[in-house]
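The values are calculated or read from the model by the stated rules, or taken from the named source; none is laboratory data. Because the structure is a prediction, the values reported are computed rather than measured. Ideal geometry is used to build each Cβ from the backbone, glycine not excepted, and the neighbour counts take in all protein chains shown.
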Amino acid sequence: MINKRRSAVVLIGLLAATALTGPAPALADEETPVEPPKVELVLDVSGSMRAKDIDGRSRISVAQQAFNEVVDALPEETQLGIRVLGATYRGKDKKQGCLDTQQIVPVGRVDRVQAKAAVATLRPTGFTPVGLALRSAAQDLGTGTTARRIVLITDGEDTCAPPDPCEVARELAAQGTKLVVDTLGLAPDEKVRRQLLCIAAATGGTYTAAQSADELTSRIKQLVDRAKDTYTASPTVIAGTSACADAPLLGPGVYSDREAFSEHRWYRVPVRPGQELRASVSVALDRPVNRDYGVLLRATASDGRELVRGVDAGSGRTDVVSAGLRWSAGEQRADGAPPTPEATIVPATTVCLVVSNALAPQPGTDATPGMPVELTVDVVASSPAPTAPDLGRGWVLLLLLAVAGLLTGLLTGLLTRWWVATWREK
């Protein structure tokens with residue numbers, strides 16, 4: 001009988017706890033498996049890589065060290081390949097030299113010892129067929145449901161066009177292959193910089209000038225790690241405007257744009273009462289910028305009233321700055337009108353998203369083209385913060401407090417009587 005009473009008490013306690021905390025959250029559906037991140041490093045091994053102008057060392061030795069450290073730190077889930085150009089042909093026949101590109105490590109799970117041994121044997125040799133290497137690297141990575149990434153490391157412009165590397169990048173982007181090419185320049189040459197910027201811009205990638213061994217290693221690691229941030233759909237290219245009135249109208253999705261230094265770019269999103277706008281923005285720092293910088297994301301009404309200001313969403317990465325916001329249309333419509341009953345269908349109101357940056361280039365850094373911007377927009381049903389059933393509302397709270405006070409008083413009285421009785425017996 002005692003055990004049954006104890007079981008009943010436990011059961012009542014569990015039921016009471018369930019009532020106070022609310023129903024258990026529904027389990028999310030299992031995530032659909034996605035393809036592993038795939039990235040290929042394309043290294044220039046042409047004759048100019050012999051130059052000893054990076055920390056007193058040759059460009060090729062710095063690149064080899066960087067590759068070794070990247071391979072050692074490679075995430076297990078990332079599939080990596082390595083392709084070289086200008087690495088084998090030592091002759092002067094340009095036609096033959098411009099065919100000199102090979103994949104020395106196939107794209108897949110990396111055998112670290114084998115990969116580092118292959119890189120260690122490289123010696124600067126021949127021509128610079130960048131365009132052909134890019135086209136071959138795209139074939140190495142293949143196609144699929146997620147984006148692939150190429151990281152091109154070179155110290156010189158293509159010496160073999162055609163195919164022109166910038167045209168190859170545009171060609172790959174036009175094919176819808178979800179391919180991103182990031183470029184790293186090892187020589188302070190203006191023509192090289194312009195070509196690498198063009199390649200990166202055509203595919204939504206980034207360009208960086210690496211002027212030390214540490215910069216090169218750090219940047220390659222960042223770019224390889226970014227291969228994990230892949231999408232089942234390629235970002236849609238858009239162009240924000242300088243005012244909300246003529247800004248592009250966006251639905252849920254991922255978008256890419258470019259923003260100049262210290263610029264404001266506007267976009268519009270329709271949001272109905274009872275819906276919640278969720279948005280985030282990331283700006284890639286694809287060139288040297290001053291140390292004090294920031295990115296701001298705001299939501300405003302069409303008349304300019306600020307609805308909500310986003311907060312920084314730092315991830316620890318030094319190559320991207322991000323911000324995000326949430327705004328619900330359930331409490332106040334963006335046009336200032338009072339909330340509408342749920343049964344009434346009302347037209348969506350327009351919320352203006354403003355992306356601003358306080359970035360400034362370091363001396364000698366080109367301000368064009370604008371920096372890569374990635375904007376993610378979603379509109380979902382409003383999700384107010386969960387509350388216990390009527391706790392904190394009117395008489396229910398007073399009743400709860402009164403019952404809690406009564407029970408506390410009774411328990412205190414019983415304990416006091418027991419202590420006094422025990423003390424008298426002693």
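Take the conditions surrounded by fewer than 23 Cβ atoms within 10 Å (Cβ to Cβ), modelled with pLDDT under 95, under 30 Å from Lys52 (Cβ atoms) and touching an Asp or Glu at 6+ places or on another chain (Cβ under 8 Å) and apply them to Thr145. Does it pass?
Values: surrounded by fewer than 23 Cβ atoms within 10 Å (Cβ to Cβ): yes; modelled with pLDDT under 95: yes; under 30 Å from Lys52 (Cβ atoms): no; touching an Asp or Glu at 6+ places or on another chain (Cβ under 8 Å): yes.
The answer is no for Thr145.
The rows are residues; the columns are (1) in contact with a Leu (Cβ under 6 Å, 6 or more places away or on another chain); (2) part of a loop (DSSP other than H, G, I, E, B); (3) under 19 Å from Arg258 (Cα atoms); (4) modelled with pLDDT of 80 or more.
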position	(1), (2), (3), (4)
Ser322	no, no, yes, yes
Leu325	yes, no, no, yes
Glu331	no, yes, no, no
Thr340	no, yes, no, no
Gly364	no, yes, no, no
Glu374	no, no, yes, yes
Pro386	no, yes, no, no
Worksheet item: List, please: which pairs have Cβ atoms under 6 Å, are six or more places apart or on different chains, and start with a residue in the range 175-198 that is under 11 Å from Asp155 (Cα atoms) and end with one that is among the polar types (S, T, N, Q) and at pLDDT 85 or above?
Response: Leu184/Thr208; Leu196/Thr183
Worksheet item: Hey, any hits in the range 156-174 for a residue that's under 17 Å from the mean Cα position of the chain (by Cα), modelled with pLDDT under 85 and within 28 Å of Glu35 (Cβ to Cβ)?
Response: no
Worksheet item: Taking the range 265-282 as the search range and keeping residues that are closer than 10 Å to Val355 by Cα and among the small types (Gly, Ala, Ser), which one is surrounded by the most Cβ atoms within 10 Å (Cβ to Cβ)?
Response: Ser282
Discussion item. Return the residues of the range 216-269 that are among the charged types (D, E, K, R) and under 18 Å from Val321 (Cα atoms); say none if nothing qualifies.
Written reply: Arg219, Lys221, Asp225, Arg226, Lys228, Asp229, Asp257, Arg258, Glu259, Glu263, Arg265
Item to complete: All but one of (1) at pLDDT 90 or above; (2) part of a loop (DSSP other than H, G, I, E, B); (3) farther than 19 Å from Thr183 by Cβ hold for Glu31, so report the exception by its number.
Response: (1)
Discussion item. I'd like to check something: does the range 219-227 contain any residue that is in contact (Cβ under 8 Å) with a residue 24 or more places away in the chain, more than 14 Å from Leu353 (Cα to Cα) and touching a Pro at 6+ places or on another chain (Cβ under 6 Å)?
Written reply: yes
Discussion item. Which of the numbered conditions does Arg258 fail, given that it passes all the others? Conditions: (1) within 24 Å of Ile153 (Cα to Cα); (2) more than 17 Å from the chain's Cα centre (by Cα).
Written reply: (2)
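Hey, does the range 82-92 have a residue that's touching a Gly at 6+ places or on another chain (Cβ under 8 Å) and of a type in the set (A, V, I, L, M)? I'd like the intermediate steps shown before the answer.
We begin by selecting, within the range 82-92, every residue touching a Gly at 6+ places or on another chain (Cβ under 8 Å); these are 86-91.
Those left that are additionally of a type in the set (A, V, I, L, M): 87.
Yes, the range 82-92 has at least one match.
Please pick out the residue among Ala187, Ala161, Ala138 that is under 25 Å from Thr236 (Cβ atoms) and among the small types (Gly, Ala, Ser).
Ala138
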Practice prompt. Report yes if some residue within the range 204-213 is at pLDDT 90 or above, in contact with an Asp or Glu (Cβ under 8 Å, 6 or more places away or on another chain) and crowded, with 23+ Cβ neighbours inside 10 Å; otherwise report no.
Written response: no
Worksheet item: In this structure, is Ser315 touching an Asp or Glu at 6+ places or on another chain (Cβ under 6 Å) and either at pLDDT below 90 or not assigned by TED's automatic domain parsing to the domain that holds Arg265 (or both)?
Response: no
